[in-house]
Structure formats: C-alpha cells, structure tokens
Amino acid sequence: MLTIVLPLSEAAGEDPNPLLPHNAEIIFGFVFLILLAIAFAKVVVPKFEKAYADRTAAIEGGMNEAKQAQAEAKAALDKYNAQLAEARQEAAKIREDAREQGALIIAEMREQANAEAERIVTHARTQIDAERSQAVASLRSEVGTLATSLAGRIVGESLEDEARQRRTVERFLAELESSESARQAVGTDG
Amino acid sequence: MSAGVSTEFISPGPQSFNTTPIIDGVDWFTKPVLVAALSVVVIVWFYWGASRKAAVVPSKLQFAGELGYNFVRNSIARDAIGSHDYMKYVPYLCGLFYFILLNNVAGTIPLIQFPTFSHIGWAYVAAIMSWVIYNAVGIKKKGLWGYFKHQTMPAGVPVWLMPLMIPIEFISNILVRPVSLSLRLFANMFAGHILLLVFVTGGDYMLRESGSIALGGVGIITLLMGLAIAGLELFVQCIQAYIFVVLTAQYIGSAIADEH
C-alpha cells in the first residue's frame, strides 16, 4: 500500500493510490506550464501592454490636441476682438475727424461767403456812391443850365453873367441839399 | 437494490482514473497528457491570434483576448499583489489560470470528459511552481533570514508568544500551502468526476441492466440528476481554477509585502 513512487505501468493496476503522481505527468506539467508562462511573457503580455500604452497615449494626445486647438481658437477670437475694437475706435476717430473737418469747412465757407458778401456790398456801395456822385455832378451841371435857361426865359433877363449865375446856383443847391439831408435824418429817425 | 440484477454493478472508484496509453508501447502518452497538450495549443493559438496584431482599436478577437487577459491581470494579479510589482507575475498567472481552467472544463466537454487535474501529478506540479515562485521572490526581496522572519513572526505579537507562533506560521505559510493548493484542486476534480460517474453509470445501469421498471424510472431521474451535477461541476471547475490562481497571487503578494 505504501509505495512511494508509482511507475506508470503500475498505475494501471488494480487498486491505485490517487495521491501518487505519474512521472510522465509531472514532467509534462512542468513543461506545459513553463511553456505557457514563456508564451505569455514573450508574446501576449508585451503586445497587449503596448496596445494599452498606445491607447493611453492616443487618448492623452487627443486631449492635448483638443486643449491646444481650444487655446488657438481663443487666441484667434481675442485677436479678432482686438481688431474689431481697434476698427471701431478708428471708425469713431474717422467720424470725429470728418465732423470736425466738416465743421471747419462750413465755418470757412461761411467766412468766405461773408467776406464775399461784404466785398460785394462794399463794391456795390462804392459803385452806387460813384454813380450817385456822378449823377449828382451831372445833375448839378444840367440842373444849373436848365434852371438858368428857364429862369432866364421866365425872368427875361440874361443871366449870362457867369460868376453871378454860378454863385446863385451853388447857393440854391446847398440849400436844397441841406434841407434834403435834414428831411432824410428826420425820416430815418422817425 | 440488488434484487433481479443480472450483472454486477461496478461502482466508480480510483480505478476509474486509470488511463491506458493511447498508442501501445508509448507509455507516457495518455489521455491527460493529450488533453493538457491540446489545452496548451488552444491557449497559445488563441492568445497569439488575439495579441499578434494588437492595436489601439481592437479587433473582435483582440477584444476577447483582452477581456480574458485583463481578468487575470487586473482582477487577480493587481488586486492581490498590488499595482507596484504585479506585472512581473502576470505571464505566469495568466498561463496558470487558463491551463487549469481549460483542463478542468475538459471534464465537462463532450468526448473529452476527463479533468486533467484529477490526476494529482498535474496539481502537484502547479502547486510546486507557485510555491517555488512565491518563496523565491520573497527571499530575493527580503533575504533568506528576513523572509523567514516576515513569514513566521507576525507584527504585533508579544515576544512570549513567539515560540508558539513561529512553528505554526512556518507550517501554515511554508509547508501546508503547496499541499492545500494541490489537494484542493485535485480533490475537487477527482470527487466531481467520481460523482458524475456514479450518477451516469448508476443511472445507466438501473435503466438498462436492472430489469425492473421501478428501478428504470429511478435510473431516468438519476440520469437527469447527473445532468444537473454536470452543470454544478462546470461551475466548480471554473471556481477551482480561479481559487488556485487567486491564492497563488495572494501568496506572492504576502511574500513581497512590506511590514505593516
């Protein structure tokens, strides 16, 4: 009953002890288990671990990429916002400038127009004055002649005496002028 | 029960596990050797195929392989050994787990129907390998004296208890572990197979040889029970493979664990 080692041929005998191993199975057991451990260590584990590492790297890489893209988008947005603000500011400045310039132009034009108007008025006044004096002068000589000839005809006496005649006419006109200016002054005051 | 029995019923026993050489004259080539060799071929073929083109985006085969690999890697090795050093032991634990699993399940697979580990030699081998590994890594990490101190002198035990503790711990941690590992696996496979044999051969005998209608009915019930027992056995076969590898991982983990 107490056989220590049981050869395989005896294991097939009548009343075997199930606790005694077969030599061949011991050897094959070690061979198979070591073979499997080596197969896993050399092929399966490295391949799977590499796939896991790649997977982790891919996920992390994707996350980094997304973060980078987000940062880039934010930078672009900031840039565009800054540009927009700048453009707005510039537009406001341009508007302000245009307004100022417009006001300036208007003022200038007004000044110019005023000057022109003044010039025209002055010119007209001068012309009127000149024409008036001309008219006065011509009137004066004409009226004198007319009045003299008329008076001569009426009075019947010759007023050919030039010196006297001139004095009379002058006097008359001076009176006329002074009365007329007095009337004018009263008219404008009234 | 023996009334009206025409031929004698030979109850299943240790002799049921006698295996004759498959080829006459080649004594070592028996059914368990063939089944174990086939299991190695299947495991290597499957995992080689699953991991050969391992990519970031897995194929269906790779996904299945990763599922099986991750089960041992994460749920057994990492949980028991700790995330710092477990990777070194994953290849052995993977090979061990799938070797035991396939050879156990061989006891249920039709036409094979022989659990390799019901021959104790295989269980001895697996237990000795695990024993050598966990002691070797412990000694390598802590030194021979440091390792024995670690395994036999639990922290927090008063000094006067040491004469009692050291032999107990030595026996339980160094001597008994390989015996319990191998016997648990062997006995489960051996007993499960005998149980199945009893139900199936007994049922068959009652149905066909007893010549009694009542016993024939009992035989049918017995055969149906045998079917249920086969289902139970399939469960036990998987559980035993798991237990063996979890315990191995735990022994490794406790051998290299730091003192707490």
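Of note:
- Here the Kirkwood formula puts the hydrodynamic radius of region A:22-161 at 28.1 Å, using every distinct Cα pair.
- Counts of other chain beta carbons within 10 angstrom of each beta carbon in peptide B:117-126 average 6.
- For the listed residue pairs B:LYS88/B:LYS149; B:LYS53/B:LYS142; A:LYS42/A:LYS67; A:LYS50/A:LYS74; A:LYS47/B:LYS140, the alpha carbons are over 32 angstrom apart in B:LYS53/B:LYS142; A:LYS42/A:LYS67; A:LYS50/A:LYS74.
- Candidates per trypsin sites (Lys or Arg not before Pro) in region A:62-161, loop by DSSP, up to 10 other Cβ within 10 Å: none
- Acute angle (nearest 10 degrees) that the helix A:162-189 long axis makes with the longest principal axis of chain A, alpha-carbon atoms: 40 degrees
- Kirkwood Rh and Cα Rg combined as Rg over Rh, evaluated for the protein assembly as shown: 1.92
- Scanning chain B for long hydrophobic helices, with DSSP H runs required to stretch 20 angstrom or more by C-alpha along their axis and to average at least -0.5 on the Kyte-Doolittle scale, returns B:31-52, B:90-105, B:120-142, B:176-208, B:213-256.
- A:GLN70/A:GLU96 FRET efficiency (R0 51 Å; Cβ-Cβ; nearest 0.05): 0.85
- Region B:18-68 and region B:165-237 have their alpha-carbon centroids 26 Å apart.
- Relative contact order of chain B, taken over Cα pairs closer than 8 Å and 6 or more residues apart, is 26 percent.
- Evaluated at q = 0.14, 0.16, 0.19, 0.20 Å⁻¹, the base-10 log of the normalised Debye intensity for region B:43-139, with identical point scatterers placed on the Cα atoms, takes the values -0.66, -0.83, -1.06, -1.11.
- Projected label distance in nm at A:ALA87 and B:VAL42, using a 7 Å step from Cα toward the beta-carbon: 7.2 nm
- Using alpha-carbon coordinates, inclination of helix A:23-39 to the longest axis of chain A, degrees: 10 degrees
- 29 Å tail of the calculated P(r), chain B, as % of Cα pairs: 47 percent
- Length gained on full extension, A:LEU20 to A:ARG167, computed as 0.36 nm times the residue gap minus the Cα-Cα distance: 34.8 nm.
- Once exposed loop GluC sites (Glu not before Pro) are cut out (DSSP; at most 11 other Cβ, 10 Å), longest piece of chain A: A:15-156
- Taking label positions 7 Å along the Cα-Cβ direction at both B:ILE171 and B:PHE235, the computed distance is 3.5 nm, reported to one decimal.
Read-outs: derived from the displayed coordinates by stated rules, not from any lab. Predicted, not measured: the structure shown is a model, and the values here were computed from it. Note: ideal-geometry Cβ built from the backbone for every residue, glycine included; neighbour counts use all protein chains shown.
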